[in-house]
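Structure, as structure tokens:
The values are calculated or read from the model by the stated rules, or taken from the named source; none is laboratory data. Fair warning: this is a prediction, and the values are worked out from it, not measured in the lab. Positions of Cβ are backbone-derived with ideal geometry, glycine not excepted, and every protein chain shown enters the neighbour counts. We work out accessible area using only protein heavy atoms, side chains counted, and drop any ligands, DNA or RNA first. Shrake-Rupley method; radii C 1.70, N 1.55, O 1.52, S 1.80 Å.
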Amino acid sequence: MISLSNLSVQFSGKFLFENVGFIINKTSRIGLVGKNGTGKSTLMKILAGLQKPETGSVAFPSGSSVGYLPQEIYLSSKKILMDEAMTAFDEALKLESRISKLTKEISERSDYESDDYQNLINNLTDANHRLDIIGGHHKQAKAEKVLIGLGFEQKDFSRPMSEFSGGWQMRVEIAKILLKNPDLLLLDEPTNHLDIESIEWLENFLKNYSGAVMLVSHDRAFLDNITDRTIEISMGKTYDYKASYSKYEHMRLERLEHETAAYNNQQKQIAQAERFIERFRAKATKARQAQSKIKLLEKIQRIEIEDIDKTSIHFRFPEAPPSGKVVIELKNVSKSYGEKQVLSNINLMVNRGERIAFVGKNGEGKTTLSRILINDLEHQGEVIPGHNVKIGYYAQNQSDYLSPEKTVFQTLDDVAAGEIRKQIRNILGGFLFSDDDVEKKVSVLSGGEKSRLAIAKLLLEPVNLLVLDEPTNHLDMQSKDILKTALLQYKGTIIIVSHDRDFLQGLTDKVFEFKNKQIKEFIGDVYDFIASRNISSLKDLETAKTVSNVAKDAVDSSNKLSWEQKKQAERDIRKIEAQIEKCEAEITRLENEKKELESIISNPSGNSDIITSNNVYQKYENIKIMIIKQEALWEELQLKLDEVKQ
């Protein structure tokens, strides 16, 4: 149990939060929420030991550990991927070195009955026990499992870290924190660089995590699927709700309604008292009563209510001009970057009014195909736009499409034409750019401001095909909801690349999954797609059940395995069961050998020659280690068998 007591932090002379306190239980699942600037990241840094509060304290149980993932981190590793991931096992590596040193020292000693010798044996036993507790005997397997879960492939393990993008390097940081298995996990926006499959894997990992978890996230579905407790920071205080995020939203509104009613009632009482004082303080007959009212006002504890922030982007897309029935068609489109082929012979037809989601792992070609659709990337094959098609594009990487030297106003003014130019300031105001903000250069804008500016550009000209690449990455929940509402009202055709399941739900009616240089079509929204594929982990996605083609418009939700898959599953089961049987036999053999050595060690005076000549103590410790490894292997095989049988 971790206890926070009377924490206070000031910023620019004002309290960020004051006298904050709550308890984190050893299996807590907490969503930390609040407006930008309320102190969420500051509170996490205090828990991580990276910042000290001005007052108050945080009490941790003895020997407890904390893992912290900030939103942004400077990465410069020169190691290969697997070596970098293995740095998570610093304690295990130190223990292994200590075990090796102790084992060597024991083998060179012959004073078996001395206290020093017994201390060495005890230290070796303690080191092995600690190594077993932290899972150090099978750290390579654990590292591989977590890395694959986060989207890496076996072939990536030997690649230098410098070859990976910032997003993929952040995944390695997530993997390292998970592998350290801390008592408290602090994750600040962990899904920013993950795709749907990796988010689902991380969800399942965190649900079953043995320690406590605290999350900051703008992904409503992610919070709802993991947390059962929400702590809100508001006006320098914390409010603790025993509920997931969606339930917290309703409970918070109820709390604000009660607070507002109490505030209004108190304001009436204060106003009445002030009117009485103003009217009668000068009258001798009422002076005592007036003074009494003054003292009452001085003592009253004023109720403060949160100033509900109603400022948010508000807009509607311009009316979509009519287009032909076929909006765009791709014939045998392929794309390679050097020797790496990303897309191979893609055929796709998009019809008027369709709402399509592009999903799949990062690096499978979603952004590439989006750029090909808007004629922004060289490729092989044909891209045939339909009659009167006008495309609006939102780019994932804003810096590539916004000129850093232009001001906010110039960014829109340079591309606006006709009557719309008169509305630029109104449009920018709708996206929270005030009079002063419009003169800011793009280079100084935050990620969220760049996102809002890029969306605002889409309003300058009516379009009938919107291609949006991760439009919600830097938007808060309220702004995401308003963007979703605008898209639901939009009458044109939409193609969206996104990993935000809550945003996609109900917005699209067709999903294209990108995998192995190909795309696969699925009719339905993102949750229909996930349910049909029975995704509960990355492995499930990769070995998911195939959809029957009996009726393409009414996909068989049962997704029965084909005969070939059943046979393969049966072969896998037999193979794993044979491995388990072999592992059990080896454990039995080692246990018998261990008992024989224990019999010898228990009578050192009668077996001194055997002990000396055969290094019995060293053999005994080695066998204990071998048993632990075999038992860990047996557990892994049992888990593997359970997965195959599902």
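Here are a few things to note about the model shown:
- Subset tally (residues that are open to solvent by less than 60 Å² (accessible area, probe 1.4 Å) and not basic (Lys, Arg)) for segment 250-260: 3
- Within segment 418-439, the residues that satisfy the criterion of being free of Cβ contacts under 8 Å to residues at least 12 places away in the same chain and open to solvent by 40 Å² or more (accessible area, probe 1.4 Å) are Gly418, Glu419, Arg421, Lys422, Gln423, Asn426, Ser434, Asp435, Asp436.
- Pairs where the first residue, in segment 348-359, is free of Cβ contacts under 8 Å to residues at least 24 places away in the same chain and the second is surrounded by fewer than 19 Cβ atoms within 10 Å (Cβ to Cβ), C-beta under 8 Å, 6+ apart: Met349/Val326; Met349/Glu329
- Annotation: of all residues in segment 183-195 being open to solvent by less than 10 Å² (accessible area, probe 1.4 Å) and farther than 22 Å from Gly211 by Cα, the one that is farthest from the chain's Cα centre (by Cα) is Asp195.
- Residue within segment 261-269 that is hydrophobic (A, V, I, L, M, F, W, C) and surrounded by 13 or more Cβ atoms within 10 Å (Cβ to Cβ) present: no
- For segment 453-483, residues that are in a helix (DSSP H, G or I) and open to solvent by 40 Å² or more (accessible area, probe 1.4 Å) total 4.
- Scanning segment 350-398 for residues that are among the aliphatic types (A, V, I, L, M), under 26 Å from Asp525 (Cβ atoms) and outside any strand (DSSP E or B) returns Leu369, Ile372, Leu373, Ile374, Val389, Ala395.
- Qualifying positions in segment 197-218 - over 22 Å from Thr27 (Cβ atoms) and open to solvent by 10 Å² or more (accessible area, probe 1.4 Å): His218
- Within segment 365-382, the presence of a residue that is in contact (Cβ under 8 Å) with a residue 12 or more places away in the chain, within 17 Å of Lys457 (Cα to Cα) and hydroxyl-bearing (Ser, Thr, Tyr) is excluded.
- Residue check, Phe409 touching a helix residue (DSSP H, G or I) at 6+ places or on another chain (Cβ under 6 Å) and part of a loop (DSSP other than H, G, I, E, B): no
- Annotation note: of Ser62, Ser76, the sole residue that is out of contact with any helix residue (DSSP H, G or I) (no Cβ under 7 Å at 6 or more places or on another chain), farther than 30 Å from Phe164 by Cβ and modelled with pLDDT under 90 is Ser62.
- Entry remark, segment 383-398: residues being more than 20 Å from Lys335 (Cβ to Cβ) and of a type in the set (A, V, I, L, M) number 1 in total.
- Of all residues in segment 361-397, those satisfying the criterion of being at pLDDT below 90 and touching a Phe, Trp or Tyr at 6+ places or on another chain (Cβ under 6 Å) are Glu364, Ala395.
- Output for segment 339-364, where each listed residue is farther than 27 Å from Gly324 by Cα and under 25 Å from the mean Cα position of the chain (by Cα): Gly360, Lys361, Asn362, Gly363, Glu364
- When we screen Val415, Val442 for residues that are β-branched (Val, Ile, Thr), over 26 Å from Pro322 (Cα atoms) and either open to solvent by 60 Å² or more (accessible area, probe 1.4 Å) or touching a Pro at 6+ places or on another chain (Cβ under 8 Å) (or both), the only hit is Val442.
- Among the residues making up segment 289-305, those that are assigned to a helix (DSSP H, G or I) and either β-branched (Val, Ile, Thr) or touching a residue at least 12 places away in the same chain (Cβ under 8 Å) (or both) are Gln289, Ala290, Lys293, Ile294, Leu296, Leu297.
- Qualifying residue in segment 330-343 (condition: touching a Ser or Thr at 6+ places or on another chain (Cβ under 8 Å), open to solvent by 30 Å² or more (accessible area, probe 1.4 Å) and either among the hydrophobic types (A, V, I, L, M, F, W, C) or modelled with pLDDT of 90 or more (or both)): yes
- The set of residues in segment 484-506 that are open to solvent by 10 Å² or more (accessible area, probe 1.4 Å), assigned to a helix (DSSP H, G or I) and of a type in the set (D, E, K, R) comprises Lys484, Asp502.
- Only residues that are in contact with a strand residue (DSSP E or B) (Cβ under 6 Å, 6 or more places away or on another chain), among the small types (Gly, Ala, Ser) and within 26 Å of Ser446 (Cβ to Cβ) were counted across segment 42-89, and they come to 1.
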